[in-house]
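Engineer: Before anything else, here's the structure in question.
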Amino acid sequence: LTATILGVTGYTGSLLLRMLLQHSGVDTIVPVSRSRGGEALAEALSGFPATASLKLASQSMVSSQDAEGMPTNVVFSALPHLESARAAVPYHKRRLADGSLVFIDLAADFRFRDADVFSAAYGQAPPSVPADTKVAYGLSELHRDEVRNADIIANPGCYPTATLLALLPLARAGALSGPIVVNAMSGITGAGGKLAADYLFNNRSENAKAYAPGSAHRHHPEIVEQLRAGWPGADVEVDLIFVPHLVPMRRGLAASIVAPLGRGWSDAAIAQLFADTYRDAPFIKLVADRVPATADVWGSNRCDIGWRVERGRVLLFSVIDNLIKGAAGQAVQNFNLRFGFDETSGLPLQAEA
Ligand SMILES: NC(=O)c1ccc[n+]([C@@H]2O[C@H](COP(=O)([O-])OP(=O)(O)OC[C@H]3O[C@@H](n4cnc5c(N)ncnc54)[C@H](OP(=O)(O)O)[C@@H]3O)[C@@H](O)[C@H]2O)c1
């Protein structure tokens, strides 16, 4: 298969390149850069070896315009939101013409079912998609069937991935009520590679803070929409308080969640529910009453989940590497599901030291 990567110079784009170069199902990669088209890949990506890779369709980065005319089976878009939807337009046309191209978006553009919710969060209407286009929310473990049949796979945000993998099984089982409180900590790479004073080393090292608390962060409506879709009964109001924090590390995301439980939910009942839900999920590690750490999953596509029941509430602890399970790794996992490869192909199961 041929895979195109849009935004290959970014954090997640360069990780996609690294993973797809090792993927046995990918023969050719088209590396696309809006800003550095024509530049040698080995020059622009300092971690990339000087020797040519036979898998690359071009040893230089390809401009967005040139890429649109090159053959491909799957496009991974690692662009900022709304840029991604713009870049997708010519590929929608090609899919309509040949019926097979799959678009996997790491941005938020195709994640929402409710257009008004998207508009409120992102300040403009969501992109339109051609009629009959199948769009899946790509939370791999919990949306496998939709992902297997999708034309567009909307990879979830990093905070929603860690939060929903812990909460959604309980919501689906009717175990939860509100208010649900999610305190989450992210490494600085979660903000991407843009230059801003807030992300300078001197302003972030030895410094942690909450930001966009309550319902102000764009991942709040994304988590709520997905919980509502899984919650038994129609038109439920999901009462969620989401408090993200920036903490002084490069990679890693930890979500600590507290939610009231319905009657009869014990540690053992939750253990059974998670064991049933994640029976065939190689990237989910259930650690029961041990609290997992971001270092346990650093560099891997895993999500480790711990839990504890106290006084009618569940405490859930979920950790991921934001750049892997929270972005590029889950995108490759979705690619594996969609194209029928083993779910673990090309993906790290083990954390790096
Ligand atoms: N970082 C995370 O932890 C994370 C987690 C989940 C989802 N995501 C999503 O994944 C996407 C990529 O994130 P990232 O962290 O890889 O970002 P990044 O490091 O900032 O890279 C984004 C890349 O997009 C390209 N680009 C094209 N048009 C652009 C524009 N108008 N402004 C800025 N860049 C533009 C640039 O590459 P070229 O110039 O080479 O084209 C840039 O390197 C985003 O939508 C982000 O929300 C990120």
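Engineer: For ASN149 and SER128, calculate 0.36 nm times their separation in residues minus their Cα-Cα distance, and state this gained length in nm to one decimal. Before the final figure, lay out each step's value.
Structural biologist: Values: separation 21, 0.36 × 21 = 7.56 nm, distance 1.94 nm.
Stretched out fully, the ASN149 to SER128 stretch lengthens by 5.6 nm.
Engineer: I need the shape label for region 1-79. Rule: rounded when a/c is under 1.5, else prolate if a/b > b/c, else oblate, with a, b, c from the alpha carbon gyration tensor. Please list the in-between numbers first.
Structural biologist: Values: a/c = 1.30, a/b = 1.04, b/c = 1.25.
In terms of gyration-tensor shape, rounded.
Engineer: Could you work out which residue, out of ALA115, ALA150, ALA162, moves most in a Gaussian network model of the chain, that is, has the largest mean-square fluctuation with Cα springs under 10 Å?
Structural biologist: ALA115
Engineer: Starting from the Cα of SER177, step 7 Å along the direction of its Cβ; do the same at ASP116; then give the gap between the two resulting points in nm.
Structural biologist: Distance between label points: 2.7 nm.
Engineer: Quick one: dipole size for the chain, taken about the Cα centre, charges +1 on Lys/Arg Cβ and -1 on Asp/Glu Cβ, in debye to the nearest 20. Could the numbers behind the result be given before it?
Structural biologist: On the way: 31 positive and 34 negative charges, 67 e Å.
So the dipole magnitude of the chain works out to roughly 320 debye.
Engineer: Between region 327-353 and region 59-96, how many Å separate their Cα centres?
Structural biologist: With region 327-353 and region 59-96 each reduced to a Cα centre, they are spaced 21 Å.
Engineer: With no solvent and one equal point scatterer placed on each C-alpha of the chain, evaluate the Debye formula and give log10 I(q)/I(0) for q = 0.14 Å⁻¹, two decimals.
Structural biologist: After summing over all Cα pairs, the log10 values are -1.17.
Engineer: Let me ask something additional. Give me the 1.4 Å probe accessible area per residue for region 264-353, excluding ligands and nucleic acids, in Å².
Structural biologist: Working: 3570 Å² over 90 residues.
Here the per-residue accessible area is 40 Å².
Engineer: Towards the positive end of the charge dipole of the chain, with charges on Cβ (+1 Lys, Arg; -1 Asp, Glu), say which of GLY264, ILE153, LEU316 has the farthest Cα.
Structural biologist: LEU316
Engineer: Treating the angle as unsigned and between 0 and 90°, give the value, to the nearest 10°, between the Cα long axis of helix 11-21 and the longest Cα principal axis of the chain.
Structural biologist: The helix 11-21 is inclined about 70 degrees to the chain.
Engineer: Add -39500 (n - 2.57) for each DSSP H run of 4 or more in the chain, then divide by its residues: what number comes out at 222 nm, to the nearest 500 deg cm²/dmol? Let's see the in-between values first.
Structural biologist: Values: 11 runs with 102 residues, N = 353.
Helices in the chain give a 222 nm mean residue ellipticity of -8500 deg cm²/dmol.
Engineer: Let me ask something additional. Where does each of 26-32, 210-216, 226-232 land if you order them by average Cβ count within 10 Å, highest first?
Structural biologist: Working: 26-32: 23.1, 210-216: 12.4, 226-232: 18.0.
Order by mean packing, descending: 26-32, 226-232, 210-216.
Engineer: Here's another thing I want to ask about it. From the Cα gyration tensor of region 202-298, with a ≥ b ≥ c the square roots of its eigenvalues, which class applies: rounded if a/c is under 1.5, or else prolate if a/b is larger than b/c, or else oblate? Walk me through the intermediate numbers first.
Structural biologist: Details: a/c = 2.18, a/b = 1.27, b/c = 1.71.
Since a/c reaches 1.5 but b/c is at least a/b, the shape of region 202-298 is classed as oblate.
Engineer: Quote the relative contact order of the chain in percent (integer), defining contacts as alpha-carbon pairs under 8 Å separated by 6+ residues.
Structural biologist: Details: 763 pairs, mean separation 60.3, N = 353.
That works out to 17 percent.
Engineer: Here's another thing I want to ask about it. Please say if region 75-169 is rounded, prolate or oblate, where rounded means a/c under 1.5 for a ≥ b ≥ c the square roots of the C-alpha gyration tensor eigenvalues, and otherwise the choice is prolate for a/b larger than b/c and oblate otherwise? Show your work: numbers first, answer last.
Structural biologist: Working: a/c = 1.84, a/b = 1.25, b/c = 1.48.
Here region 75-169 falls in the oblate category.
Engineer: Eigenvalues of the Cα gyration tensor times 5, then square-rooted: what semi-axes does that give for region 154-269, in whole angstrom, largest first? Mind showing how you got there, number by number?
Structural biologist: Working: eigenvalues 178, 41, 27 Å².
Value: 30, 14, 12 Å, ordered largest first.
Engineer: Cα atoms only: what Rg and Dmax, in Å, come out for region 42-115?
Structural biologist: 14.5, 47
Engineer: When only C-alpha pairs under 8 Å and at least 6 residues apart count, what is the relative contact order of region 118-200, in percent?
Structural biologist: Rounded, it is 17 percent for region 118-200.
Engineer: While we're on this one: Suppose the chain between GLU43 and SER266 were pulled fully straight at 0.36 nm per residue; how much longer would it get relative to their current alpha carbon spacing?
Structural biologist: Values: separation 223, 0.36 × 223 = 80.28 nm, distance 5.54 nm.
Stretched fully, the GLU43-SER266 segment lengthens by 74.7 nm.
Engineer: Obtain the nm distance between the two label points defined at ASP235 and TYR211 by a simple spin-label model: each point lies 7 Å from its Cα along the Cα-to-C-beta direction.
Structural biologist: Using points 7 Å along Cα→Cβ, the separation is 3.8 nm.
Engineer: Give me D for region 5-46 in µm² s⁻¹, whole number, from Stokes-Einstein with Rh from the Kirkwood sum over alpha-carbon pairs, 4 °C and 1.567 mPa s. Please report the intermediate quantities before stating the final value.
Structural biologist: Working: Rh = 10.6 Å.
In µm²/s, the coefficient rounds to 123.
Engineer: Under 28 Å between alpha carbons, and skipping anything fewer than 8 positions from LYS209 in its own chain: which lysines qualify?
Structural biologist: Straight-line reach from LYS209, under 28 Å: LYS194, LYS325.
Engineer: Something else: Could you tell me how many degrees, from 0 to 90 and to the nearest 10, lie between the Cα long axis of helix 267-277 and the main elongation axis, the longest principal axis, of the Cα atoms of the chain?
Structural biologist: That works out to roughly 30 degrees.
Engineer: Could you work out how far the C-alpha centroid of region 264-313 sits from that of region 120-159, in angstrom?
Structural biologist: Here the two parts' Cα centres lie 25 Å apart.
Engineer: So with the 1.4 Å probe, I'd like the accessible area per residue for region 42-154, rounded to whole Å². List each step's numbers first, then the result.
Structural biologist: Numbers: 5370 Å² over 113 residues.
With all protein chains present, region 42-154 gives 48 Å² per residue.
Engineer: How large a share of the accessible area of the chain, in percent, is made up of carbon and sulfur atoms when the probe is 1.4 Å and the other protein chains stay in place?
Structural biologist: Numbers: 7630 of 15150 Å².
Carbon and sulfur: 50 percent of the exposed surface of the chain.
Engineer: While we're here: Given the convex hull over the Cα atoms of region 162-227, what projected area results after averaging over all orientations, in nm²? Intermediate results must be reported in sequence, preceding the final value.
Structural biologist: Details: hull surface 21.7 nm².
Quarter of the Cα hull surface area: 5.4 nm².
The values are calculated or read from the model by the stated rules, or taken from the named source; none is laboratory data. Owing to the predicted nature of the structure, the values given are computational and were not obtained by experimental measurement. Counting neighbours? That spans all protein chains shown, and the Cβs are built from the backbone with ideal geometry, glycine included. Side chains are part of the model used for accessible areas, which takes the heavy atoms of the whole protein and leaves out ligands, DNA and RNA. Shrake-Rupley method; radii C 1.70, N 1.55, O 1.52, S 1.80 Å.
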